[in-house]
Amino acid sequence: NAMLSWQRTAYHFQPQKNWMNDPNGPLYHKGWYHLFYQYNPDSAIWGNITWGHAVSKDLIHWLYLPFAMVPDQWYDINGVWTGSATILPDGQIMMLYTGDTDDYVQVQNLAYPTNLSDPLLLDWVKYKGNPVLVPPPGIGVKDFRDPTTAWTGPQNGQWLLTIGSKIGKTGIALVYETSNFTSFKLLDEVLHAVPGTGMWECVDFYPVSTEKTNGLDTSYNGPGVKHVLKASLDDNKQDHYAIGTYDLTKNKWTPDNPELDCGIGLKLDYGKYYASKTFYDPKKQRRVLWGWIGETDSESADLQKGWASVQSIPRTVLYDKKTGTHLLQWPVEEIESLRAGDPIVKQVNLQPGSIELLHVDSAAELDIEASFEVDKVALQGIIEADHVGFSCSTSGGAASRGILGPFGVVVIADQTLSELTPVYFYISKGADGRAETHFCADQTRSSEAPGVAKQVYGSSVPVLDGEKHSMRLLVDHSIVESFAQGGRTVITSRIYPTKAVNGAARLFVFNNATGSSVTASVKIWSLESANIQSFPLQDL
Ligand code: FRU
């Protein structure tokens, strides 16, 4: 089926076929980036979870390798689940992962590469003393999973790591200490707990610099450092985070803004994005974030197309010095190597209620930078107007018009606009009486296929004095990753066009506001395929 095969991505990481979920144990070793991932070798639906393995020199061009681990021991026979790598000072790699046992108990296991001198890390061995951790008293046997990368503790040779769980409806991050990764001690205090959030999956915990623009090794601590805690909430399938301070000696993390849902209220991505994980890249001194982009159609549709899920384009993560409240996520710079030649550069004045076609060779694989200037008088009008609440998810999508919004970009649309995905800003008056900008992606008309989720995603985004409204979009057939204001707010869209495919896909800019014209400045690059293929092992 030509339509279904068109939906496969050209430069996102995805296996050749079948099901994938979480990114696992990302690391850099001897010139290669390694990505492991939750994989079902037998079907496009979750099950038989195995660790897939791929390598890349640049985080963009990947080569598939043989599986790293398969479910073949009593302690992981029901699945080799999510885990993380810790690289010791002597270069040893400790891979801790969750195993689902023959009795469906969640335990933690240790694995390591047999041969560290192999840049491809082809062979993995499971520690003979596995499991190294079982659920502690008071913790449900199905509520204990996804160990993080460890960081060095206050004592010499001591490591600390966290594992997500819940008690009742309170999501928690348990902390363990170890010196050898085979025996562990549970600390009395949790790293953080948030009532009402349910099971925390795939916890991530790492430092960010408040001064510099480089990323920090997971064990880095000291002045000018804040710590990010991220939990993937099983109940709403979204990745929540907060920035805070971490006192290593007391092992206590305190969110900067405890009022915001007990300090876990921001989301890494307001769209279809889950179970993310960062790693420190020593080659480029940056922290890199991976995330799983799942499907929003039916299982039967996934079986029909023979695959499910992709990984996001890896993103660098930095602390946003300007707001002090948000992280900045941005596609790794290597994605720019896929840009085919010079961009199309255009400036368009968009009158209220207008839409304009932008001519591109192919609208399926694009990197778009767009900034918008709104009329100052209209902005003042917003502030003087009566308070009107706005929220991306409940305020009617891109078809519903206000004084200063929506305006933005329409991707993967057909000529008649019967299928379209608008990504846009909407400025309204906030509760504090000031202008508040929202960044939204509207999936309600993305697809005419049956059984596809039709939501409007988004959130507010800080736009500081003197800043234009700016967005960056990575369009890859059926995936759109959208970044507002340098990555303060991010939305990933999973879309299933039926008409806006092949040569019929179009790109537009639009302004559906009633009260102001908007000047759009856009730069559009065509992106080449990343050409992901199997590693030619016979050539080694
Ligand atoms: C998150 C998750 C993890 C688990 C893995 C199983 O998506 O449910 O908690 O380890 O996937 O595949």
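Observations, loosely collected:
- Among the candidates THR492, THR514, THR519, residue that is of a type in the set (S, T, N, Q), in contact with a strand residue (DSSP E or B) (Cβ under 6 Å, 6 or more places away or on another chain) and surrounded by fewer than 18 Cβ atoms within 10 Å (Cβ to Cβ): THR519
- Within the stretch 268-287, considering residues that are within 22 Å of GLN485 (Cα to Cα) and assigned to a strand (DSSP E or B), the one nearest to the ligand (Cβ to nearest atom): TYR274
- When the stretch 63-84 is filtered for residues that are within 13 Å of the ligand (Cβ to nearest atom) and either touching a Pro at 6+ places or on another chain (Cβ under 9 Å) or open to solvent by 20 Å² or more (accessible area, probe 1.4 Å) (or both), the ones remaining, listed by number, are PRO71, ASP76, ASN78, GLY79, VAL80, TRP81, THR82, GLY83, SER84.
- Residues in the stretch 395-436 that are over 30 Å from ARG8 (Cα atoms) and among the polar types (S, T, N, Q): SER395, SER400, SER428.
- The residues listed here are VAL132, VAL125, VAL141; of these, the one that is more than 26 Å from the chain's Cα centre (by Cα) and buried (at least 20 other Cβ atoms within 10 Å of the Cβ) is VAL132.
- Number of residues in the stretch 265-318 that are closer than 30 Å to THR210 by Cβ and not aliphatic (A, V, I, L, M) equals 27.
- Inter-residue pairs, beta-carbon under 6 Å, first under 13 Å from SER312 (Cα atoms) and in the stretch 13-28, second modelled with pLDDT of 95 or more and away from the ligand (no atom under 16 Å from the Cβ), 6+ apart: PHE13/TRP62
- Here the condition is being assigned to a loop (DSSP other than H, G, I, E, B) and either in contact (Cβ under 8 Å) with a residue 40 or more places away in the chain or within 30 Å of HIS227 (Cβ to Cβ) (or both); of ILE313, ILE335, it holds for ILE313 alone.
- Any hit, the stretch 90-100, residues being touching a residue at least 24 places away in the same chain (Cβ under 8 Å), within 14 Å of the ligand (Cβ to nearest atom) and surrounded by fewer than 23 Cβ atoms within 10 Å (Cβ to Cβ): yes
- Within the stretch 404-461, being among the polar types (S, T, N, Q) and open to solvent by 30 Å² or more (accessible area, probe 1.4 Å) holds for GLN415, THR416, SER418, THR444, GLN455, SER460.
- Some residue of the stretch 281-289 being open to solvent by 10 Å² or more (accessible area, probe 1.4 Å) and on the phi > 0 side of the Ramachandran plot: yes
The values are calculated or read from the model by the stated rules, or taken from the named source; none is laboratory data. Keep in mind that this is a model prediction, so the values were computed, not measured. All Cβ positions, glycine included, derive from the backbone under ideal geometry; neighbour counts span all protein chains shown. Heads up: the accessible areas ignore ligands, DNA and RNA and are worked out on the full protein's heavy atoms, side chains in. Shrake-Rupley method; radii C 1.70, N 1.55, O 1.52, S 1.80 Å.
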